[in-house]
1. Residues in the range 45-61: is at least one without any contact (Cβ under 8 Å) to a residue 12 or more places away in the chain, on the phi < 0 side of the Ramachandran plot, open to solvent by 10 Å² or more (accessible area, probe 1.4 Å) and within 11 Å of the ligand (Cβ to nearest atom)?
2. Counting only residues that are under 30 Å from Arg21 (Cα atoms), give me the helices (runs of 4 or more DSSP H) lying completely in the range 259-373 with at least 2 of them.
3. Starting from residues that are among the polar types (S, T, N, Q) and under 20 Å from the mean Cα position of the chain (by Cα), keep the ones in the range 1-28 and report whichever is farthest from the ligand (Cβ to nearest atom).
4. For the range 293-322, how many residues meet the condition of being farther than 17 Å from Ala200 by Cβ and surrounded by fewer than 24 Cβ atoms within 10 Å (Cβ to Cβ)?
5. Any residue at all in the range 29-41 that's of a type in the set (S, T, N, Q), within 13 Å of the ligand (Cβ to nearest atom) and open to solvent by 10 Å² or more (accessible area, probe 1.4 Å)?
6. For Leu216, are the conditions met, namely being under 23 Å from the mean Cα position of the chain (by Cα), surrounded by fewer than 20 Cβ atoms within 10 Å (Cβ to Cβ) and assigned to a helix (DSSP H, G or I)?
7. Between Arg78, Arg153, Arg126, Arg87, which is open to solvent by 40 Å² or more (accessible area, probe 1.4 Å), closer than 28 Å to Pro207 by Cα, of a type in the set (Lys, Arg) and away from the ligand (no atom under 16 Å from the Cβ)?
8. With the requirement that a residue be open to solvent by less than 30 Å² (accessible area, probe 1.4 Å), of a type outside the set (Gly, Ala, Ser) and either more than 13 Å from the ligand (Cβ to nearest atom) or on the phi > 0 side of the Ramachandran plot (or both), what does the range 90-123 give you?
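The values are calculated or read from the model by the stated rules, or taken from the named source; none is laboratory data. What you are looking at is a predicted structure, and each value in this text was computed from that prediction instead of being measured. We place every Cβ from the backbone using ideal geometry, glycine too, and count neighbours over all the protein chains shown. Ligands, DNA and RNA are excluded from the accessible area calculation, which covers all protein heavy atoms including side chains. Shrake-Rupley method; radii C 1.70, N 1.55, O 1.52, S 1.80 Å.
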Amino acid sequence: MKFVNIVGARPNFMKIAPLIREMRRHNHLTPILVHTGQHYDVKMAGQFFEDLQIPLPDVSLDVGSGTHAVQTAEVMKRLEPILERERPDLVVVVGDVNSTMAAALTAVKLHIPVAHVEAGLRSGDRSMPEEINRLVTDAISDYLFVTEESGRRNLLAEGVPEKKIFFVGNVMIDSLEASRRLWANSSILERLHLSKAGYAVATLHRPSNVDDSVTLKGLITTLQVIAERLPIVFPIHPRTKKIIESIGGMAQGLYFGPPPTPTRGVHCMDPIGYLDFMSLVANARLVLTDSGGIQEETTVLGIPCLTLRENTERPITVTHGTNRVIGADPKRILDEAMLALTTVPPSLPPPPMWDGHASERIVKVLREQFRGR
Ligand code: UD1
């Protein structure tokens with residue numbers, strides 16, 4: 001059986017890595033890896049292949065950046081002949097990026113079944129590009145693998161038949177657990193002169209937070225105020241970096257490199273690899289982010305997380321984790337950060353089936369579904 005697996009952007013890599021590894025354990029499965037090239041920098045893609053020991057892609061589509069329509073269309077145009085040539089039994093897509101939706105659409109139009117890993121998540125906010133990608137991908141997929149109970153509920157409410165839905169846990173946590181020894185040995189804290197629980201980590205890349213310069217300035221100023229209490233490590237996404245540069249990063253008091261005193265200030269840097277980042281998060285006192293995946297990783301690691309968005313598609317990180325969804329209002333962020341810094345983080349067990357074995361369950365389901373073919 002031939003399964004074509006699609007990756008495109010940074011949050012896809014840690015989801016596909018354990019799936020490919022598990023598929024390769026079964027002789028009768030031939031996993032093929034297609035990288036759309038939505039993310040292409042070493043720091044956004046190449047480093048993740050290395051850190052997560054993902055085999056080199058069998059096919060690279062090299063679509064690069066573009067508007068949503070261009071990016072989606074380029075993936076579809078370039079993937080179609082590959083799928084026609086390979087005629088796989090299944091196309092596996094993960095997450096909610098443009099490459100996910102584009103690949104799913106291409107496959108179903110060729111009558112190739114699609115499995116969506118991380119299905120059913122809903123923020124309820126259709127202004128987010130990812131929400132549209134989730135809705136479309138789920139509507140056309142044949143096998144819907146959900147990470148949390150809300151995923152099943154959302155899909156059932158949208159009329160998806162129960163037999164298409166499989167609650168299997170979280171493949172992102174498979175990667176976190178499988179590489180725990182490696183990231184625990186990272187030297188990133190020494191390299192950045194940080195002490196365990198003596199700093200915070202911030203990431204920002206959502207269009208709603210970074211594309212509008214006034215909102216972004218407000219967030220950066222807030223980070224700078226919090227950083228007077230404890231240093232903040234801020235690996236900057238290329239999308240965010242562009243806007244910071246356009247509003248005069250220096251004028252905002254932001255510059256790349258360590259802050260003048262190691263005990264406070266914002267330490268800006270380029271995006272960092274998976275192992276160093278996991279080590280940074282696992283040892284942080286606090287995380288401020290608008291990422292989806294980091295809400296899940298902090299949940300399992302027990303690190304307080306403030307999500308700088310109005311909503312989350314991952315409600316279990318709030319009910320079973322350390323996540324608080326607080327929006328982007330500077331005053332609220334400051335209040336919440338100060339509260340988090342003076343509160344002992346709760347120690348909670350991970351959500352159901354976030355145990356490092358989700359990919360085994362997914363491949364088991366798929367083998368059963370395809371038995372006899
Ligand atoms: C994409 C995903 C988002 C995910 C994020 C993780 C969509 C709609 N969005 O957003 O869900 O959370 O990835 O990072 O699919 N760029 C580079 N180098 C790269 C890639 C991008 O410099 O390797 C720059 C380009 O200027 C590009 C911009 O970043 O225009 C945005 O990239 P894009 O893939 O369009 O969206 P992200 O913001 O990364």
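1. yes
2. On the way: elements: 274-282, 293-301, 316-319, 330-341, 358-369.
It comes to 274-282, 293-301, 316-319, 358-369.
3. Residues of the range 1-28 that are among the polar types (S, T, N, Q), as a first pass: 5, 12, 27.
Cutting the leftovers down to under 20 Å from the mean Cα position of the chain (by Cα) gives us 5, 12.
Values: Asn5: 17, Asn12: 9 Å.
If we take residues in the range 1-28 being among the polar types (S, T, N, Q) and under 20 Å from the mean Cα position of the chain (by Cα), then Asn5 is farthest from the ligand (Cβ to nearest atom).
4. 10
5. yes
6. On the way: under 23 Å from the mean Cα position of the chain (by Cα): yes; surrounded by fewer than 20 Cβ atoms within 10 Å (Cβ to Cβ): no; assigned to a helix (DSSP H, G or I): yes.
So Leu216 fails the test.
7. Details: Arg78 fails: away from the ligand (no atom under 16 Å from the Cβ); Arg126 fails: away from the ligand (no atom under 16 Å from the Cβ); Arg87 fails: closer than 28 Å to Pro207 by Cα.
Step by step, each of Arg78, Arg153, Arg126, Arg87 is checked, and only Arg153 is open to solvent by 40 Å² or more (accessible area, probe 1.4 Å), closer than 28 Å to Pro207 by Cα, of a type in the set (Lys, Arg) and away from the ligand (no atom under 16 Å from the Cβ).
8. Kept after step one, since they are open to solvent by less than 30 Å² (accessible area, probe 1.4 Å), are these residues of the range 90-123: 90-104, 106-107, 110, 112, 114-121, 123.
After this cut, where a residue has to be of a type outside the set (Gly, Ala, Ser) as well, the list is 90-94, 96-98, 100-101, 106, 110, 112, 114, 116-118, 121.
If the condition is that a residue be open to solvent by less than 30 Å² (accessible area, probe 1.4 Å), of a type outside the set (Gly, Ala, Ser) and either more than 13 Å from the ligand (Cβ to nearest atom) or on the phi > 0 side of the Ramachandran plot (or both), then Leu90, Val91, Val92, Thr106, Leu110, Ile112, Val114, His116, Val117, Glu118 are the ones that fit.
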